[in-house]
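Heads up: the structure comes next, in structure tokens.
The values are calculated or read from the model by the stated rules, or taken from the named source; none is laboratory data. Nothing here was measured: the structure is a model prediction, and the numbers come from that model. Counting neighbours? That spans all protein chains shown, and the Cβs are built from the backbone with ideal geometry, glycine included. We work out accessible area using only protein heavy atoms, side chains counted, and drop any ligands, DNA or RNA first. Shrake-Rupley method; radii C 1.70, N 1.55, O 1.52, S 1.80 Å.
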Amino acid sequence: MSRTPLIAGNWKMHGTIEEAEERVAAVLPRIATLESVEHGVCVPFTALQAVVDSTRGSALKVFAQNMHYAPDGAFTGEISAPMLTELDVHGVLLGHSERRTLFGETDKALQLKVPAALDAGLEVILCVGETEDERENGDTERRLRHQVQEDLEKVPTERLGEITIAYEPIWAIGTGKVATAEQAQDALAFVRALVADRSKEQAERTRILYGGSMKPDNAAELLALPDCDGGLIGGASLDVEQIVAIIEAAARS
Ligand code: PGA
């Protein structure tokens with residue numbers, strides 16, 4: 001089965017509404033004819049409405065960067081799935097390592113967030129990945145197994161293929177250190193095998209992205225890997241030339 005690659009920019013906590021609108025306005029005409037690749041942006045909450053409105057009618061997918069699992073309640077500072085769908089947001093990034101390591105995101109919470117997002121009609125990009133210590137200690141597969149199994153436990157098997165999983169080695173995020181092609185392919189294939197443990201058919205549908213210092217000069221090699229269905233791009237997604245180059249590389253892969 002062929003999976004359409006997704007290049008998702010993760011803007012993190014960067015930029016004003018005006019800068020967000022300018023960035024998408026600069027990127028969209030440059031990629032309009034590239035039909036073999038999807039482009040998404042993970043936008044700060046404050047700019048979601050503006051980016052949805054200014055890109056309506058285009059193929060761009062707009063994602064939030066986090067979400068609470070409850071539809072409403074006494075959860076000061078949180079945003080729910082119905083609040084995102086009210087804005088016509090397409091999806092949500094869940095379990096990014098910065099949320100896990102800096103803000104106490106747990107696999108238990110993700111186990112509730114992932115099905116809550118799907119039930120609300122939101123597309124999910126679920127992030128998983130090991131720390132540098134875990135890799136050095138030979139614990140990468142144990143860590144990935146734990147995250148994938150636990151975070152997807154409450155997703156009905158027939159919906160597993162709807163989820164995009166981003167494999168992001170934490171030591172490669174924002175560091176300029178990129179996984180070798182072999183390290184990336186091994187981990188991406190391992191993640192797909194974990195989904196296949198529940199359903200081979202769904203594992204063929206699941207998009208698995210690589211994330212962690214993907215740049216124009218390494219994108220083609222990573223995107224050509226057999227189990228790589230796109231990228232989750234942090235730093236390079238804030239630069240129009242760099243993200244366009246990566247999207248073009250995905251269209252050629
Ligand atoms: P990076 O970030 O591309 O800057 O390494 C990736 C991410 O955090 O999703």
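So, in segment 237-253, exactly how many residues are among the small types (Gly, Ala, Ser), crowded, with 22+ Cβ neighbours inside 10 Å and touching a residue at least 60 places away in the same chain (Cβ under 8 Å)?
2
Identify, from the list Thr140, Thr131, the residue that is surrounded by 14 or more Cβ atoms within 10 Å (Cβ to Cβ) and touching an Asp or Glu at 6+ places or on another chain (Cβ under 7 Å).
Only one candidate passes the filter, namely Thr140.
Criterion first (modelled with pLDDT of 95 or more and open to solvent by less than 10 Å² (accessible area, probe 1.4 Å)) does Leu102 satisfy it?
no
Identify all residues within segment 161-181 that are surrounded by 20 or more Cβ atoms within 10 Å (Cβ to Cβ) and more than 12 Å from the ligand (Cβ to nearest atom); write none if there are none.
Selection gives Ile163, Thr164, Ile165.
Output the number of residues of segment 151-160 satisfying the condition of being assigned to a helix (DSSP H, G or I) and either surrounded by 15 or more Cβ atoms within 10 Å (Cβ to Cβ) or within 16 Å of the ligand (Cβ to nearest atom) (or both).
Looking only at that region, the number is 3.
Quick check on segment 198-219: of everything there that is in contact (Cβ under 8 Å) with a residue 12 or more places away in the chain and open to solvent by 60 Å² or more (accessible area, probe 1.4 Å), which residue is farthest from the ligand (Cβ to nearest atom)?
Glu201
Determine the pairs where a residue that is more than 22 Å from Gly211 (Cα to Cα), located within segment 40-59, has a partner that is at pLDDT 95 or above and of a type in the set (S, T, N, Q) with Cβ atoms under 8 Å apart, the partner being 6 or more residues away or on another chain.
Ala47/Thr16
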